[in-house]
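Below you'll find the structure, written out as structure tokens, and then a few comments.
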Amino acid sequence: DRITDQMVENIHRAAMADKEVLAGVEQLALLGVSAAQIAKRTAIARPTVNAALAVVDKEGSRARVEAGDLTLTEAAIFAEFEGDEEATRRLEQRLRWGQGLEHEAQRLRDEAVERAAHDAEVERLREQGLPVLTGAAASDARYAVRVAQLRTAEGRAIPEEEWPSVPGAAVLVTEEWQYPDDDTDPDDPSDDTSDDPRDETSEEDVGSDDEDEDERQYVDPVKVYVPVWVVPDT
């Protein structure tokens, strides 16, 4: 009650500095007062209370609030990514340019979710015994020759079951956007019939395609992870 009374008095007398709000919220939290009760009893906005609680145990972000370099809202975003040098660099750049941090923070969160999904797929394929490329090797192999494009001396395509035995072959996990009903195999050249003169299409088929295209306008594509056999070093 004493801490709450002091905070309310300071708020009414003059706007409290962020570092004072941080210290007061920390003391109340240590006494077991919930975030909702802190906001209610001190009349401090709940987002500000949440920001203070996010910063209290982040040494770097807290120090910058106490030095006046960051607002509590800004510090809470930095605290979320504290220890991640690349994320911190990108946030610092936004701050220097006078741009909002939240947009960049959301991009960082989305990228983290995508990395986790990608890493999970890599781990799943490795558990199956596949030689999946990661890190710098995967980055260097982005434009590597696909095993599906290789031909024998006789001009024969290599059967898929023989791909693992191709010297130097490895698996690259790629990201692609597909519609839910798209079963196209990116490694199968036979799926691409756009330039095939034997692909005869009737007027009836054209109408059907138009209807399918109209339906697709209402369906969002989804990101899928596709394992592709490649030869990084030809």
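Here are a few things to note about the model shown:
- The calculated P(r) of region 83-159, using every Cα pair and 5 Å bins from 0, goes 3, 12, 13, 14, 14, 12, 11, 7, 5, 4, 3, 1, 0 in percent.
- Point-charge dipole on Cβ atoms (K/R +1, D/E -1) for region 1-56, about Cα centre, debye to 20: 140
- Comparing Cα centroids, region 124-159 and region 31-90 end up 46 angstrom apart.
- Close amide H pairs (under 5 Å, H built 1.01 Å from N) link VAL132 with VAL171, residues at least 5 positions away or on another chain.
- Scanning residues 5 or more positions from VAL145 or on other chains, those with amide H under 5 Å from its amide H are VAL231, with H placed 1.01 Å from N in the peptide plane.
- Relative contact order of region 1-71: 33 percent, from C-alpha pairs under 8 Å at least 6 residues apart in sequence.
- Straight-distance candidates among the lysines for linking to LYS19, with alpha-carbon spacing under 29 Å and chain neighbours fewer than 8 residues away dropped: LYS40, LYS58.
- The phi torsions of region 112-124, fed into the Karplus equation with coefficients 6.51, -1.76 and 1.60 and a -60° offset, translate into couplings of 5, 5, 5, 4, 5, 5, 5, 5, 5, 5, 4, 5, 4 Hz, rounded to whole numbers, with Gly and Pro shown as x.
- For region 127-177: rounded, prolate or oblate by the Cα gyration tensor [a/c cutoff 1.5]: prolate
- Hz values of 3J(HN,Hα) by residue in region 96-105 - Karplus curve (6.51, -1.76, 1.60), Gly and Pro given as x: 5, 7, x, 9, x, 8, 4, 4, 5, 4
- Maximal additional length on extending the ALA35-GLU161 stretch stands at 39.5 nm, based on 0.36 nm per residue less the C-alpha distance.
- Length-normalised contact order of region 1-139 in % [C-alpha pairs under 8 Å, at least 6 apart]: 15
- Surface analysis of region 102-187 yields an accessible area of 66 Å² per residue, using protein heavy atoms and a 1.4 Å probe.
The values are calculated or read from the model by the stated rules, or taken from the named source; none is laboratory data. Keep in mind the model is a prediction, meaning the values are calculated, not measured. Counting neighbours? That spans all protein chains shown, and the Cβs are built from the backbone with ideal geometry, glycine included. We work out accessible area using only protein heavy atoms, side chains counted, and drop any ligands, DNA or RNA first. Shrake-Rupley method; radii C 1.70, N 1.55, O 1.52, S 1.80 Å.
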